[in-house]
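Note sheet for the following structure.
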Amino acid sequence: MRRFLLPLLLLASVDVAAQGPTDARITCDRGPFGTKTYGGYPWELYGCSDNRSVAVVTARGNPGMPFYFLFAEKGGQYQLSGEGTGRPEFTRKAYDDLRRLSQQDIQALVKETLKTGPRPSQ
């Protein structure tokens, strides 16, 4: 069962360009911090090392697996990106839901990942 968790954690480790001349690498491996439903299927929230970004990763039972979305803050605004090899008919529906979130909604997701430590692995 744990072999499925490793690809998810690897997917949640992402590169984000810093604001400046160099690239900075952030990791989004704190979590999961709860499950949300986007596109009709479960997605887990992971906190990122910059404490401003949040990764939304396919949860167990999600037919879009493996895939993640990242809300990264740049210039005071959150930008949505995604990556993975999950089935597009499922990841597209989640993308449509996620892109409708307001900046305040995204900030609330980030706050969820900052409240408490990640849940222990089972």
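Placing dummy labels 7 Å off each Cα toward the beta-carbon, the span from ASP105 to SER49 is 3.0 nm. Between GLN79 and LYS115, the contour length at 0.36 nm per residue exceeds the Cα-Cα span by 10.7 nm.
Every read-out reported here was derived from the displayed coordinates using simple, explicitly stated rules and does not represent laboratory data. Quick caveat: nothing in here was measured; it's all calculated off a predicted structure. A quick note on method: Cβ atoms are made from the backbone with ideal geometry, for glycine too, and the neighbour counts reach across all protein chains shown.
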